[in-house]
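Take a look at the structure set out below.
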Amino acid sequence: MKHTLSVLVEDEAGVLTRIAALFARRGFNIESLAVGAAEQDGISRVTMVVNGDRNVLEQLTKQLYKLINVIKVQDVTEVPCVERELMLIKVAANSETRSEIVQIAQIFRARVVDVADDSVILEVVGDPGKMVALMQMLQKFGLREVARTGKISLTRESGVNTEFLKTSSKSAVRV
């Protein structure tokens, strides 16, 4: 099962290297990784998506806490969260296909951030499923380059679980 970990660390050189080495020594792959400044100066938030069962996750959490610069580790997989990913995608485009590409981008709420004679660069924010769906729709034009940030996540103070809302609204439609 995929788990999303939110890890607060002191913003010092080598912290990310030590985290990556910890996972590598144990033979675990980090499927997604995003790091950036947190709400407090000198603190960074590392958001990772890792694969493993509860026992594996518990062991990794204990090992992370042993690292000197780790302040807090939280598994937010089953906690109500706001989760996003950013993708830039360069698509082959000419005067005949550009308008169709822009229409598809609008459907996915993507923004055109660069236009050239032979390509268009789009910026899209959302969940990973949205990214894959957009890439599939644009595949026929030719994907030149793709850059993705990896998932970032913050827990919802409201406690509203949008995953629950999605499933309950589907069942409400069937009634």
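Quick look at the numbers
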read-out: Matching residues, the stretch 101-130, being touching a helix residue (DSSP H, G or I) at 6+ places or on another chain (Cβ under 7 Å) and without any contact (Cβ under 8 Å) to a residue 24 or more places away in the chain; value: Val112
read-out: Meets criteria (surrounded by 12 or more Cβ atoms within 10 Å (Cβ to Cβ), outside the structural domain of Ser32 (by TED's automatic domain parsing) and free of Cβ contacts under 8 Å to residues at least 24 places away in the same chain) for Arg98; value: yes
read-out: Some residue of the stretch 74-87 being under 22 Å from Asp11 (Cα atoms), touching a residue at least 24 places away in the same chain (Cβ under 8 Å) and hydrophobic (A, V, I, L, M, F, W, C); value: yes
read-out: Tally of residues being of a type in the set (A, V, I, L, M, F, W, C) and crowded, with 19+ Cβ neighbours inside 10 Å across the stretch 1-34; value: 5
read-out: Neighbours by Cβ (under 9 Å, 6+ apart or cross-chain): first from the stretch 24-48, more than 17 Å from Ser6 (Cβ to Cβ); second among the acidic types (Asp, Glu); value: Asp41/Asp11; Gly42/Glu10; Gly42/Asp11; Gly42/Glu12
read-out: Check on Val115, over 22 Å from the mean Cα position of the chain (by Cα), surrounded by fewer than 15 Cβ atoms within 10 Å (Cβ to Cβ) and either among the hydrophobic types (A, V, I, L, M, F, W, C) or under 13 Å from Met135 (Cα atoms) (or both); value: yes
read-out: Residue that is surrounded by the fewest Cβ atoms within 10 Å (Cβ to Cβ) [pool: residues in the stretch 118-153 that are in contact with an Asp or Glu (Cβ under 8 Å, 6 or more places away or on another chain) and of a type in the set (S, T, N, Q)]; value: Thr149
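The values are calculated or read from the model by the stated rules, or taken from the named source; none is laboratory data. Values in this document were obtained by computation on a predicted structure and should not be read as measured data. Methodologically, a virtual Cβ is constructed for each residue, glycine included, from the backbone with ideal geometry; neighbour enumeration extends over all protein chains shown.
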